[in-house]
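Here's a structure for you.
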Amino acid sequence: MEILILKADEVKAAMPTGDGIAATKEAMAMYAAKKAVVPLRSNLSAAKGQALFMPGLVEEADALGVKIVSTYPDNPARNLPAVAATMVLLDTETGMVKCLMDGTELTRMRTGALAGAATDLLARKDAKVFLLIGTGGQAMRQLESVLAVRPIETVYVFNQKQEKAEAFVASAKDELASYGATFVPVSDLDHVTKEADIITAVTTAKQPVFDGRKVKAGCHINGVGAYTPQMIELPPEIVVRADKIFVDTVDGVLNEAGDMIRPVNDGLVTREKIANEIGDVVLQKLPGRERDDEITLFKTTGSAVYDVVVAEKIFRFAEEKGIGTYVRV
């Protein structure tokens, strides 16, 4: 048996951004159509850390696998990452392992593709100004995915530490120059929030990161961070103001996303306002944007369905391009 090994840079090189977005739309539709099997993740606590196992099966996409995420806080002292992720991909016909790929880069790609797909489905076609809040490990793929689906001319980048926003912009100018956008680090969010046609928040904040009252009519918002009940990055005002809210999975968001759970618990919005899955827009069971002045909001907490479908696409592209190393076991 041969297993294809894909390192982080190889995962990134294998699949173009547009194809990742297309694969994610397929996964959205398959999940909404009840064609995905996504068991609850298993969390095993060891003496030194935790290991999470997130399996998924989407037979229509020939996608079967499990993402393993380990969190070991003491690892940096050993020159190892505190959080490590690996995707194990299996052959749906035989059940044999066929690929091991870097799970951290996979997560960045599929999370970026999720926001890119939602932006393509919901944002105004003429969106020109993009505000990115947060410059961590997920941010570059978030930026590229929006640039891939809309004619963005100006990108404002915010981090609480100005020097991090400036460093991120320097990297973006080099890595994403082909998109032709102007990248601007900012220290004042209020002014640029009023200008933004699209806003993506990708943080681990426990308090809202922008003023929801300043968001203009017609804006589209992606809430990508805040993946635990304790985290809140989206202001409750924007959850109330949004004309339409869509989520990647209802179960995930209503159990894990603090910035959606809190407004419901506080009686600001009904559960029904939030319980709309983006896959139903792909399937045309629900309308997306219907007017230019609508405020649309997409919230994601992630799901193994996106990991396995995107990982399968990456595997196929890698095979076609001769990327990676085969190991006989």
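The values are calculated or read from the model by the stated rules, or taken from the named source; none is laboratory data. This structure is a prediction, so every number in the text was calculated from the model and none was measured. For neighbour counting, all protein chains shown are included, and Cβ atoms are generated from backbone atoms with ideal geometry for every residue, glycine included. SASA here: full protein model, heavy atoms, side chains in, ligands and nucleic acids out. Shrake-Rupley method; radii C 1.70, N 1.55, O 1.52, S 1.80 Å.
Of the residues in segment 59-84, how many are under 20 Å from G279 (Cα atoms), open to solvent by less than 60 Å² (accessible area, probe 1.4 Å) and out of contact with any Leu (no Cβ under 8 Å at 6 or more places or on another chain)?
1
Taking T86 and the conditions (1) polar (S, T, N, Q); (2) under 25 Å from D62 (Cβ atoms); (3) out of contact with any Asp or Glu (no Cβ under 9 Å at 6 or more places or on another chain), which numbered condition does it fall short on, given that it satisfies the others?
Only one criterion is unmet by T86, namely (3).
Could you list, in sequence order, all residues of segment 237-253 that are modelled with pLDDT under 95 and either surrounded by fewer than 17 Cβ atoms within 10 Å (Cβ to Cβ) or on the phi > 0 side of the Ramachandran plot (or both)?
V250, D251
I've got another one for you. Can you find a residue in segment 90-98 that is more than 23 Å from A13 (Cα to Cα), hydroxyl-bearing (S, T, Y) and crowded, with 21+ Cβ neighbours inside 10 Å?
No.
Could you tell me whether segment 202-216 includes any residue that is open to solvent by less than 60 Å² (accessible area, probe 1.4 Å) and modelled with pLDDT under 95?
yes
Scan L143, L131 and give me the residue that is in a helix (DSSP H, G or I), crowded, with 21+ Cβ neighbours inside 10 Å and of a type in the set (A, V, I, L, M, F, W, C).
L143
Shifting gears a bit: Can you tell me which residue in segment 146-165 is most open to solvent (accessible area, probe 1.4 Å), limited to those that are of a type in the set (A, V, I, L, M, F, W, C) and assigned to a strand (DSSP E or B)?
Of everything passing the filter in segment 146-165, F158 is most open to solvent (accessible area, probe 1.4 Å).
Among (1) touching a helix residue (DSSP H, G or I) at 6+ places or on another chain (Cβ under 7 Å); (2) at pLDDT below 95, there is one condition L131 misses while meeting the rest; what is its number?
With (1) touching a helix residue (DSSP H, G or I) at 6+ places or on another chain (Cβ under 7 Å); (2) at pLDDT below 95 applied to L131, the lone miss is (2).
Confirm whether K173 is charged (D, E, K, R), open to solvent by 60 Å² or more (accessible area, probe 1.4 Å) and not in a loop (DSSP other than H, G, I, E, B).
So K173 passes the test.
Same structure again: In the list E272, E277, E256, which residue meets the criterion of being touching a residue at least 12 places away in the same chain (Cβ under 8 Å), surrounded by fewer than 24 Cβ atoms within 10 Å (Cβ to Cβ), out of contact with any helix residue (DSSP H, G or I) (no Cβ under 8 Å at 6 or more places or on another chain) and acidic (D, E)?
After applying the criteria, what remains is E256.
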